[in-house]
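*Asks:* The structure follows.
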Amino acid sequence: MDYGQIMVQWYEELFDNYGMKYDNENFTQGTIGECDFLEKEIQKNKNAKILDIGCGTGRHSIELSKRGYDITGVDLSNSLLKRAKEKAAKHKLKVVFQQHDARKLPFENEFDLVIMLCEGAFPLMETDEMNFIILKNAANALKPNGKLIFTTLNGLFPLFHSVKDFLASAPKDGNATYSDNSFDLMTFRDHSITHLEGDSGNKKELICNERYYVPSEITWLLKSLNIRSIDIFGAKLGAFTRKDKLSTEDYEMLVIAEK
């Protein structure tokens, strides 16, 4: 399949002309604590090469670069990458930012750590096959014994709660708002409408479609990619820890896998 010929999807339009306001969203405010956790997971090995898939405006890439790590950030959005490069230049950091579709990554056995945080590419794709390709590319980018750390939507949450009520109760300081949520139990996909205003003041209304996964699915998918060790925990904003047992109260899950 030629992904370049597919019509523009919601996740592409969402981040077009959105680099400035993206950094002010509530879900981007946990960077320091999340990078503290990532450092601990690689035992603060400054020789480690890191790949940040779906890097957005580079918040994790830039923070890790400040701490002395060799990091490459990739994203589909030119708007977000432009903002990332501006931020890196401001801090005089040498972060490599590249525009790539996560379904067509060129990396093979190159990185000690691959991260995909805050739904950075996975699980936003419109089919399960595309989401799997992203996981496969992330695993392929790892060196032997490398580590893949990512967050994804926790399918246990909507089985016990209303996604609509959860989003309605979220802090209102951010830019994007959500409405008309409907969760499909057959596909584990949440369909919703996102309303937001871009950096230039243009207002958008997007029909969104996100895939929730249960832990057993993630485990099976990663095992099919010959990942030897898989641990899954709850994912709290800015407070990742192996002590956080995944529950039905966690909107996201944190996955730590070793090749």
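The values are calculated or read from the model by the stated rules, or taken from the named source; none is laboratory data. Worth saying up front: this structure is predicted, and the values here are computed from it rather than measured. So basically every Cβ, Gly included, is an ideal-geometry build from the backbone, and we count neighbours across all protein chains shown.
*Asks:* List pairs: first in the range 92-120 and touching a residue at least 40 places away in the same chain (Cβ under 8 Å) and more than 18 Å from Thr152 (Cβ to Cβ), second among the charged types (D, E, K, R) and part of a strand (DSSP E or B), Cβ under 9 Å, 6+ apart or cross-chain?
*Replies:* Listed pairs, sorted by first residue: Phe97/Asp75; Glu110/Lys49; Glu110/Lys143; Phe111/Lys49; Phe111/Lys143; Asp112/Lys49; Asp112/Lys143; Asp112/Lys147.
*Asks:* Pick out the one residue from Lys94, Lys85 that is more than 15 Å from the chain's Cα centre (by Cα) and modelled with pLDDT under 95.
*Replies:* Values: Lys85 fails: modelled with pLDDT under 95.
Checking each option against the conditions leaves just Lys94.
*Asks:* Inspect all residues belonging to the range 18-36 and state whether any of them is closer than 20 Å to Asn140 by Cα, among the small types (Gly, Ala, Ser), at pLDDT 90 or above and not in a strand (DSSP E or B). Steps first, answer last, please.
*Replies:* Step one: filter the range 18-36 for residues closer than 20 Å to Asn140 by Cα, giving none.
Within the range 18-36 (the criterion being closer than 20 Å to Asn140 by Cα, among the small types (Gly, Ala, Ser), at pLDDT 90 or above and not in a strand (DSSP E or B)), the answer is no, since none of the residues qualifies.
*Asks:* Suppose we keep only residues that are of a type outside the set (A, V, I, L, M) and under 25 Å from Lys143 (Cβ atoms) within the range 240-259. Which one would you say is surrounded by the most Cβ atoms within 10 Å (Cβ to Cβ)? Steps first, answer last, please.
*Replies:* Here is the first cut: in the range 240-259, the ones of a type outside the set (A, V, I, L, M) are 240-245, 247-252, 258-259.
In the following step, the residues that additionally are under 25 Å from Lys143 (Cβ atoms) were identified as 240, 242, 258-259.
Values: Phe240: 25, Arg242: 12, Glu258: 17, Lys259: 20.
Looking at the filtered set, the residue picked out is Phe240.
*Asks:* What number goes with the only condition from (1) modelled with pLDDT under 95; (2) assigned to a helix (DSSP H, G or I) that His60 does not pass?
*Replies:* Single failed check for His60: (1).
*Asks:* May I ask you to verify whether Ser192 is modelled with pLDDT of 80 or more and part of a strand (DSSP E or B)?
*Replies:* On the way: modelled with pLDDT of 80 or more: yes; part of a strand (DSSP E or B): yes.
Considered against the rule, which asks whether it is modelled with pLDDT of 80 or more and part of a strand (DSSP E or B), Ser192 comes out as yes.
Okay, residues lined up against (1) at pLDDT 95 or above; (2) buried (at least 16 other Cβ atoms within 10 Å of the Cβ); (3) under 20 Å from Asp190 (Cβ atoms); (4) under 16 Å from the mean Cα position of the chain (by Cα):
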position	(1), (2), (3), (4)
His100	yes, yes, no, yes
Glu108	yes, no, no, no
Asp112	yes, yes, no, no
Leu117	yes, yes, yes, yes
Gly120	no, yes, yes, yes
Glu126	no, no, yes, yes
Phe150	yes, yes, yes, yes
Ser162	no, no, yes, no
Ala170	no, no, yes, no
